[in-house]
1. If I ask for residues that are open to solvent by 50 Å² or more (accessible area, probe 1.4 Å), part of a helix (DSSP H, G or I) and at pLDDT 95 or above, which ones from region 145-169 would you list?
2. Which numbered condition in (1) open to solvent by less than 60 Å² (accessible area, probe 1.4 Å); (2) assigned to a helix (DSSP H, G or I) is the only one that PRO39 fails?
3. Mind listing whichever residues of region 91-125 are of a type in the set (Gly, Ala, Ser), closer than 30 Å to ALA218 by Cβ and open to solvent by 10 Å² or more (accessible area, probe 1.4 Å)?
4. I'd like to check something: does region 221-236 contain any residue that is open to solvent by 70 Å² or more (accessible area, probe 1.4 Å) and free of Cβ contacts under 8 Å to residues at least 40 places away in the same chain?
5. Could you tell me which residue of region 64-79 is farthest from SER40 (Cα to Cα), considering only residues that are open to solvent by less than 10 Å² (accessible area, probe 1.4 Å) and more than 11 Å from the chain's Cα centre (by Cα)?
6. Just one of (1) aliphatic (A, V, I, L, M); (2) over 19 Å from the mean Cα position of the chain (by Cα); (3) at pLDDT below 95 trips up LEU191, so point out which.
7. Among the residues of region 49-108, count how many are out of contact with any Cys (no Cβ under 9 Å at 6 or more places or on another chain), without any contact (Cβ under 8 Å) to a residue 60 or more places away in the chain and among the β-branched types (Val, Ile, Thr).
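The values are calculated or read from the model by the stated rules, or taken from the named source; none is laboratory data. This structure is a prediction, so every number in the text was calculated from the model and none was measured. Ideal geometry is used to build each Cβ from the backbone, glycine not excepted, and the neighbour counts take in all protein chains shown. Remember, those area values only see protein heavy atoms, side chains included, never the ligands or the DNA or RNA. Shrake-Rupley method; radii C 1.70, N 1.55, O 1.52, S 1.80 Å.
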Amino acid sequence: MIDFVAVAPVRQSKLADQLYEQIMLHIVNGSLDVGEKLPSEAQLCQLFSVSRPVVREALSRLRADNVIASRRGSGTYVMSKPTPELVRLAPSGVLAELLRCYELRLALEGEAAYLAAKRREKEDLAAIEKALEYFNTYLGTGDDEEGAEADFSFHMAIATATKNALYVKTLHMLHTTARDGIKLARQLSKLRSEPMDLVRTEHNRIYKAIEKRNAGAARNAMRTHIDNSRLRMVGRLLDE
């Protein structure tokens, strides 16, 4: 049995998020190595004084981020080790929320891109193109605040092109969390010296699909981009 202790007491609020982050910390700091088996659900309940549903939700989120995987009849194992900068740069207590925001955006903005491709008018396309130029201006620069705003503006322009105010309103409600996630992703990419051309290509594919009124391609391009962004944050970008 590994020496697996709580990094800090788990409070009652957002228990699953807190447990998610504590397990992530153990993986990042090496207490749990890649290929190593996690304690059982019952052991985690006892270690962190939380219920089994809380443990299952936290583990489910870690599986969704490709950090752990379950093997039938064997247990749950660490599959990848996120970069230490992920937990160092993320504001304390919100890492799980940032990643879950990407999960929500995957569904929301995939459909927004689909509708934008079907409904956009000439002025909508011009606004999306202008936002894309704004995004490209700050891509790869050291201004992460402005870069994150520029990135978000591109997505907001697409939401506006749906002609459905609820898409705009919902995305606006996610503004702070989405912007913080984009900012963190930019910082991590720079630390890893990752080329930014991939992000530029993903945005261009979305724009081109909307320009051609190819709704299906627009949805797929947007979903691919957002999912890749989430996976880049945990250092597990899947092949396209």
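1. Within region 145-169, THR160, ALA165, LEU166, LYS169 meet the criteria.
2. With respect to (1) open to solvent by less than 60 Å² (accessible area, probe 1.4 Å); (2) assigned to a helix (DSSP H, G or I), PRO39 is out only on (2).
3. ALA107
4. For region 221-236, residues open to solvent by 70 Å² or more (accessible area, probe 1.4 Å) and free of Cβ contacts under 8 Å to residues at least 40 places away in the same chain: absent.
5. VAL67
6. (2)
7. 4
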